[in-house]
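Beneath this line is the structure, given in C-alpha cells, with notes to follow.
The values are calculated or read from the model by the stated rules, or taken from the named source; none is laboratory data. Since we're looking at a predicted model, the values are computed, not measured. Note that we place each Cβ from the backbone using ideal geometry, even for glycine, and neighbour counts take in every protein chain shown. Surface areas here come from the heavy atoms of the whole protein model, side chains and all, with no ligands, DNA or RNA. Shrake-Rupley method; radii C 1.70, N 1.55, O 1.52, S 1.80 Å.
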Amino acid sequence: MKSKLTMLYGAAWVVWTCGVADSYPRPPNVLVFLADDLGIGDLGCYGNSTINTPNIDRLATEGVKLTHHLAAAPFCTPSRAAMLTGRYPARYGLVYKAPVLAPVIVHAASRAALPLDEVTLGSALAAANYTTALIGKWHLGMYCDWMGRSCPGPLKHGFQSFFGIPVTLFQEFRGPHPFWIFKLDEPRFQGLAVTWLVTVLTLLVAWKKRTVRFSVLFSFAVITNFLLFLVWFVFAHISENDDCVWHMSPWMHRFLNSMLLRDDVVVEKPIQLDGLSQRLAQESREFLAAHANDDRPFFLFHSFPHVHTPMFSAPYRAGVSKHGRYGDNVEEMDESLGVVLDALKEYGLEDNTLVYFTSDQGGHLEAIDHDGQRIGGHNGRFKGGKGQGGSEGGIRVPGIFRWPGHLPSGVTIDTPTSLMDLLPTVLSLANLPSLPQLVPSAADKELDGVDISELLIHGKQPEGHRVFLHHCAQYIHAIRLVTELHVYKMHVAKYKWSPGSTQCGWGYNTACLCFGEEFVTDISSEPELYDLVKDPFEEGQPIDPSTQEYIRVVRSLQNYLKQWHHRVRYAPSQLANVAEIMWRPWLQPQFPF
Ligand SMILES: *[C@@H]1O[C@H](CO)[C@@H](O)[C@H](O)[C@H]1NC(C)=O
Ligand SMILES: *[C@@H]1O[C@H](CO)[C@@H](O)[C@H](O)[C@H]1NC(C)=O
C-alpha cells in the first residue's frame, strides 16, 4: 500500500511542480460541495462501475481523493455542525440522547440550533474578508424572531447570503397529503364523533323546544364546533399516531417546513422539488459570475439537497440511470456539480479556487419509497449506514480536495482523515491567520479536526498517533487509533441488525437508533477490536482478546476514553430537550402563510 502511494506521489509531483504558478495576489476562493446521505459506494471514482458520475470522477482525477474520510456523526444536523466548526457536536449539545427521538433539527420554527458562540468556517472566512454564501441545505437552526418575520439561520454563522432549505428535505415534502383525516376505527376519533353528534342533537332539541334564543344557540354552535375542530386537528395532525413523525402529520410537516428562503425570508412554499437541483446550480453559477472579478476572495458552500429522501428530479433526468430513482438522483447531483465547476472554468476561477467535495454521512440503507423501491445509498463493502455512528458504512464517506497547481492531482490517500479537518486545513492552505487570530472568541474552542494540508500536498502522514471518536447521538460507540502501521477500530457498542443485513428494517424514516435494547448492545466490558489495515471491511474475526496486541491497544483506548470524559464536558443535549426541538408556532417563518 505504501509503495503504491509513493509511486503515485512521484508521478503527481512531476506534474505538480511544473504547474506551480507565482504566488497569487489574493487568497484562494473556497468552494465546498456537500452531498446528503451519499454512500461511498455510489460514485464511479470510488469503484462503482454502473453509476454515471463523470463530474465527481473528474474532480477526483484532478485532485486528491481520500479513501478513509470520516464524518463525525451519522445524521445531518450533527455531522454538518462538526464539518463547519471542526468540533464534535456533542461538545455543544447538537446531538440527541435517550429517550427523545429527534436525531436532527425537525422544525424551522424551533429553538434548537448551532450555538451562536460556535465559530464556523463561514465566520472564519468572513473574518478573513471573504464574500461568503450558502446555497442549498442548512439544517443548523433558523433563529426566527416573533411570527417568523426574519429567520436569519446561516446569516448568523458567517454566511452573508443564503438561498435554500432551512431544515432538510423530508419524505413528507412529496405531497399532496390528505388534510381531512377521520379514522373512525380509533377510539379517540370515535369519542370525538360521538361528542359532535351529541352536541348537534342537543342544539336541535333546544331549538325545537325554543328554550333558548336563536342567537345564543348560534354562538354556542360556532364555539363548540370550533373547539371540536381544534381537538380534531390535534388528533389528526400534531399528536402521536401512526402517520405522525415527530408529532406532525405528513400534511402538517409539509405545510410547516417545506420552503425556500432567500437570506432571512421565505420565497417559496411548498418547495417545487422537481428541478430544484438545477435551480440551485444556477444560483451558484450566478454567485460565481457576480464575484469572479472581485478584489476579495469568496467562499461558496453549495449544499445539495440530493440524495436525501424524497427522490425527485427534473423530468429530463428521470429514468436515466441504471439504478432507479436513487441512481437518477445521484446522477442529477453529479450533473449539478458539473454545472458549477464549468462556471468556475468559464469565469477563469479554476486555478485559484480550492474545491472540496464530501457527504455528510453514509447511505441510508433502510430507505424505501412508497412503492417499495430502494431509495437509499450504497456504502460499498462497509457495514451499516446512516444512523450508525459506530459502523463504518455510516461514517466513511467520499472526500476530494482539488486546487490546481497547489495540490497534486490524481492522488489517492488512505490515511484516516475527518470532515472536521476542513476548517483548519482551509485556513492553512489559504495561508490565512489562525482561527483565534481571525475570530478572537474562538480562543477557548478546542478543535477536534486537524490541519491535513501537509498530507494533501506531500502525502506526509501526520506525526504521532491520531484518535477518532465515533459518536452515535451523545454516546461513543467506537474509537479509532491510527498508528504508523495500523488503524485499529475498537467497538464498545454493537447494533442489532435485522438478520442477514447490516441495517435495522425498512422505511424512509427508519434507521438504527443509537441507544435502547432494541437497537444496541453494550460491549464496553469486552470491546471488539479490528485492524482496518488487515481487515478493512471488518469481515473476519475481531482480534483475539487473549493476544498481547488486543490487551495493549484496548487498554490504552479505554484509558483514552476515561481521560476524555474526565477532561471534556459535553453540553446538555439540545435534541433531547423537548423545549428546544418542539414546534413553536410563534417562530414559524411568516406565520401563518
Ligand atoms: C452503484 O450504486 C448503485 C446506487 O446506489 C448501487 O445500487 C449499486 O449496487 C452500486 N454498484 C456497485 C458495483 O457498487
Ligand atoms: C480584512 O480587511 C481589513 C480592512 O480592510 C483589514 O484590516 C484586515 O487585515 C483584513 N483581514 C485579513 C485577514 O486579511
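Summary table
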quantity: Top-ranked residue in segment 144-167 [being assigned to a loop (DSSP other than H, G, I, E, B), closer than 28 Å to residue 434 by Cα and open to solvent by 10 Å² or more (accessible area, probe 1.4 Å); ranked as nearest to ligand 1 (Cβ to nearest atom)]; calculated: 158
quantity: Single condition residue 299 does not satisfy, out of (1) open to solvent by 10 Å² or more (accessible area, probe 1.4 Å); (2) within 16 Å of ligand 2 (Cβ to nearest atom); (3) not aliphatic (A, V, I, L, M); calculated: (1)
quantity: Selection from segment 124-140 of residues that are within 16 Å of ligand 2 (Cβ to nearest atom) and either of a type in the set (Phe, Trp, Tyr) or surrounded by fewer than 24 Cβ atoms within 10 Å (Cβ to Cβ) (or both); calculated: 126, 127, 128, 129, 130, 131
quantity: Candidate set from segment 412-424 (those that are crowded, with 24+ Cβ neighbours inside 10 Å and either among the aliphatic types (A, V, I, L, M) or in a helix (DSSP H, G or I) (or both)); member that is nearest to ligand 2 (Cβ to nearest atom); calculated: 423
quantity: Filtered residues of segment 499-509 (kept if out of contact with any strand residue (DSSP E or B) (no Cβ under 9 Å at 6 or more places or on another chain) and more than 11 Å from residue 384 (Cα to Cα)); calculated: 499, 500, 505
quantity: Residue in segment 372-379 that is buried (at least 23 other Cβ atoms within 10 Å of the Cβ), under 17 Å from residue 323 (Cβ atoms) and of a type in the set (S, T, N, Q) present; calculated: yes
quantity: Criterion: open to solvent by 10 Å² or more (accessible area, probe 1.4 Å), among the hydrophobic types (A, V, I, L, M, F, W, C) and part of a loop (DSSP other than H, G, I, E, B) - qualifying residue of 114, 101; calculated: 101
quantity: Residue among 536, 572, 545 that alone is under 28 Å from the mean Cα position of the chain (by Cα) and either among the charged types (D, E, K, R) or within 28 Å of residue 381 (Cα to Cα) (or both); calculated: 536
quantity: Strands (runs of 3 or more DSSP E) contained in segment 492-593 and holding at least 3 residues open to solvent by less than 30 Å² (accessible area, probe 1.4 Å) and of a type in the set (Phe, Trp, Tyr); calculated: none
quantity: In segment 389-411, residue farthest from the chain's Cα centre (by Cα) [restricted to those that are part of a loop (DSSP other than H, G, I, E, B) and closer than 19 Å to residue 350 by Cα]; calculated: 405
quantity: Segment 316-374 - residue that is part of a loop (DSSP other than H, G, I, E, B) and touching a strand residue (DSSP E or B) at 6+ places or on another chain (Cβ under 9 Å) and, of those, farthest from ligand 1 (Cβ to nearest atom); calculated: 349
quantity: Residue within segment 389-401 that is polar (S, T, N, Q) and either within 29 Å of residue 558 (Cα to Cα) or touching a Lys or Arg at 6+ places or on another chain (Cβ under 7 Å) (or both) present; calculated: yes
